[in-house]
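Working notes, beginning with the structure itself.
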Amino acid sequence: MPFATIADSNPIKLCVVIVGLPARGKSFISQKIVRYLSWLSIPTKSFNCSTNLEQILKESGTNADDLFRSNYASDGEILNKTRDITLEQILDWFGNVAACGVAIYDGINATKVERDRLNKTLQNHGINTVFLEAYCDDESIIETNITDIDSTSPEYSKFESLQDTINSVSNKIQFYSKAYQTLTTEDEGDLSFIKLINFSSQIILNHIDSYLKSRIVYYIMNLHVKNRYIWLSRHGESQYNLEGKIGGDASLSERGVKYSYKLVELVNKYIPNHDKLEVWTSTLKRTQQTAKFLPYPQKQWKALDELDAGSCDGLTYEEIAEKYPDDFKARDDNKFEYRYPGGESYRDVITRLEPIIMALENQENVLVITHQAVLRCIYAYFMNVHQEESPWMSIPLHTLIRLEIKAYGTQVTRIKADIPAVSTYKERGTSKLGESSNGTNIMSGSVISGITDKVVI
Ligand SMILES: O=P(O)(O)OC[C@H]1O[C@@](CO)(OP(=O)(O)O)[C@@H](O)[C@@H]1O
């Protein structure tokens, strides 16, 4: 029986209704919440009003410029239809796909009347609501958002120049601004809401009445939009890796020690501002020995320790297959959920990694040196990898991984250290480990920029 997660302890239907003028970072926040909650195994989906609006405009042959040059009418036919469709999609999702979970209504939701109506309808369908306003009057943030939208948002890819995007967004801002009412406790004190002022420099909370809502608040408080890098590495090859054994607290092999020296070089060469670097390791010897020569502040986190293999700790995969064939098969069948007797599953690791993710969202210039399973979980969060796939990803030894985190996507670059190491990768259906990597493949010793394992929103 797995440990309960916040998904299990909150079997509720929640709709996060986003409020805010264009270029306030609404879609960025929506997508981040989707990614965070999905990573925690909570069914979550974002429903985007402007995608629906575009479709309706197309079908009705209406020119978007004409609409946005007119006066805003809350009950105008096109806007009403857009809201109805978005709401229908959400009700349909809760009705047919997710018995419980979180829907994000990603729209402008400009007026008190519109919000009131939405709140009542959702309540009538047994759906709990929290409004999340992205309020911003700092022109520099708005300008940065427009530039980001121009380079990354599919909605604006049709425009040829940044100036076209600026014009289009400015028209929309003018259109909605005339009617826009910000959330206040005086006017809408009955609503449950989160108001972010100038991203998260100030936050107002009203009736945050459930654990799930407070998790969302805490998460958003840790977000920032600055482009930045996060650096990841497994420890150098360990004695246990050489012997094909899992778990334990072994020291580095000779080649592992070489990697710990090489890592200093790689950091100097590839990490900009490395003088301000912070190094995080687990509490296990092999990660600390790998960090030994790095002259930066170091933090040890118990949460970064390798997945606990329980009664299989210290065995090779072949020994596990022989001694515990049922367990061996059960793990191959569902590696994400399988928990070693007396140990952990990938799901358990994700639960304990939550504080690490919060801290990483809040920070830049961090090098995390940890283990195969833990890195898969961290990587899955940043790269939006599905939970069934994540335990099977290849995270080779002696490789520095750079995650370039941007508002609407993450790009991965792998830097191979050119020091041979065994492979610790076991494919599904076999107890044998993969081919040993001799460090001379095409990636060795060079930076492969632009290897985008996956670009996510
Ligand atoms: O989930 P799988 O693929 O077994 O990978 C996790 C295993 O990786 C290992 C190596 O085989 O991690 P580590 O990075 O700590 O060396 C084991 O200790 C651990 O049990």
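Some points to look at:
- Proportion of all alpha-carbon pairs of the stretch 228-416 beyond 30 Å (%): 17 percent
- When shorter helices are ignored and each DSSP H run of at least 4 residues is given -39500 (n - 2.57), the per-residue value for the chain at 222 nm works out to -12500 deg cm²/dmol.
- Note that the stretch 328-374 shows a convex hull volume over its alpha carbon atoms of 83 Å³ per residue.
- Shape category assigned to the stretch 247-292 from the gyration tensor of Cα positions, a/c cut at 1.5: oblate
- Share antiparallel - DSSP beta bridges, the stretch 228-416, percent rounded to 5: 55 percent
- Centre separation in Å (Cα based) which lies between the stretch 98-122 and the stretch 371-404: 35 Å
- Mean silhouette area of the stretch 6-221, derived from the convex hull of its C-alpha atoms and averaged over all directions, reads 11.6 nm².
- Shape class of the stretch 71-131 from the alpha-carbon gyration tensor: prolate, with a/c at 1.5 or above and a/b greater than b/c.
- For the chain, leaving out every one of the trypsin sites (Lys or Arg not before Pro) that falls in a DSSP loop and has at most 16 other Cβ atoms within 10 Å, the longest unbroken run is 1-157.
- Each Cα pair under 8 Å and six or more residues apart adds its separation to the average, and for the stretch 213-275 the resulting relative contact order is 24 percent.
- Dimensionless Rg/Rh of the stretch 237-344 - Kirkwood Rh, Rg from C-alpha atoms: 1.07
- Looking at the stretch 6-221 alone, DSSP beta bridges between its own residues are antiparallel in about 20 percent of cases.
- Relative contact order for the chain, counting Cα pairs under 8 Å that sit 6 or more residues apart, in percent: 16 percent
- What the phi angles of the stretch 338-344 give under the Karplus curve with 6.51, -1.76 and 1.60, with θ = phi - 60°, is a coupling list of 4, 10, 4, x, x, x, 10 Hz, glycine and proline written as x.
- Filter on LYS226/LYS269; LYS335/LYS426; LYS285/LYS323 - keep pairs with C-alpha separation over 20 Å: LYS226/LYS269; LYS285/LYS323
- Label-point separation in nm, LYS58 to ASP116, each point 7 Å along Cα→Cβ: 3.6 nm
- Estimated D of the chain in µm² per second, where Rh is the Kirkwood radius over Cα pairs and Stokes-Einstein applies at 20 °C, 1.002 mPa s: 89 µm²/s
- Checking every one of the GluC sites (Glu not before Pro) in the stretch 111-165 against DSSP loop status and a limit of 16 other Cβ atoms within 10 Å picks out GLU160.
- Normalised by the number of residues in the stretch 133-274, the mean separation of alpha-carbon contacts (under 8 Å, six or more apart) gives a relative contact order of 17 percent.
- Quarter of the Cα convex hull surface for the stretch 345-414, i.e. its orientation-mean projected area (nm²): 4.8 nm²
Laboratory data are not the source of any read-out in this text; all were calculated from the coordinates shown. Keep in mind it's a predicted model, so treat the numbers as computed, not measured. All Cβ positions, even for glycine, are placed from backbone atoms using ideal geometry, and neighbour counts span all protein chains on display.
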